[in-house]
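Engineer: Here you go, one structure.
Coordinate-derived values only; no laboratory data. Fair warning: this is a prediction, and the values are worked out from it, not measured in the lab. Here the Cβ positions follow ideal geometry from the backbone for every residue, glycine too, while neighbour counts run over all protein chains shown.
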Amino acid sequence: MATTKILIVEDEAPIREMIVFHLVRAGYETIEAADCRSARRLLADERPDLALIDWMLPDMSGLELTRMLKRDQGNEDLGIIMLTAKAEEYDKIAGLEGGADDYVTKPFSPRELLARIQAVLRRASSSDAEVITAGVLELDAAGHRVSVSGKEVRVGPTEYRLLRFLMTHSDRVYSRTQLLDRVWGANVYVEERTVDVHVRRLRKALGETGADSYIQTVRGAGYRFSTRIETDQ
Ligand code: CA
């Protein structure tokens, strides 16, 4: 199997070196950039699988770089994790809406960073699967069926689409706006609280099975699908 290549965009050398040290030890190949300009060149030349992008960079913000990358052709499969010292909700949402897959708040532990990286990479490789499983939950994309521990659960068409999106994009937070764009479609006018209604229905449908706990509310940010029980904030 080819090694996974990760680009680290961070202007503070000690932090960059610390990240490189842990990623190399975990078996990843790393490339480094201290500003956005060299990051863009490396992205084009080296085609990394994932980029860790610091929020505060000398020539452009990490958020602007993320937005720019997501607009560029050929970066559809690039996973992006933002490194941020800002813990405010506003920044989290701005980063995710800018196209980042996840964010890690400084100071972070190497273990936390590696877990986030693995989750983003795992998601990228599982989004085409016909049968998606997560914990006790199974979604059969060909048959449009949802089952828990082998027993079929009836969900409406919107709940099905929502669940499929969440299962193929697990372990990251989506704002209501993002869910509307990705599940309902960017040109459909629906109120944000519609998302809450369908999340509630989905949880209710899964409620008797316990799998409803996979659909987690992240206060001030949105929703996340995860089989891990996390207490966020
Ligand atoms: Ca910085």
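Engineer: Subtracting the Cα-Cα distance from 0.36 nm times the residue separation, let me have the gained length for residue 109 to residue 192 in nm, one decimal.
Structural biologist: 26.5 nm
Engineer: Something else about it: Quick one: which residues, 5+ away or cross-chain, put their amide H under 5 Å from the amide H of residue 104? H built at 1.01 Å from N.
Structural biologist: Those qualifying (amide H under 5 Å, at least 5 residues apart or on another chain) are 82, 83, 84.
Engineer: Taking H placed 1.01 Å from N in the peptide plane, check which residues at least 5 places from residue 51 or on another chain put their amide H under 5 Å from its amide H.
Structural biologist: The answer is 7, 79, 80, 81.
Engineer: To the nearest 20 Debye, how big is the dipole of the chain about its Cα centre, given +1 on the beta carbon of each Lys and Arg and -1 on that of each Asp and Glu?
Structural biologist: Using Cβ point charges on Lys, Arg, Asp and Glu, the chain gives about 720 debye.
Engineer: Ok, one more. Which order do 144, 22 fall in if you start with the one that has the fewest other Cβ atoms within 10 Å?
Structural biologist: Ranking 144, 22 by Cβ neighbours within 10 Å, fewest first, gives 144, 22.
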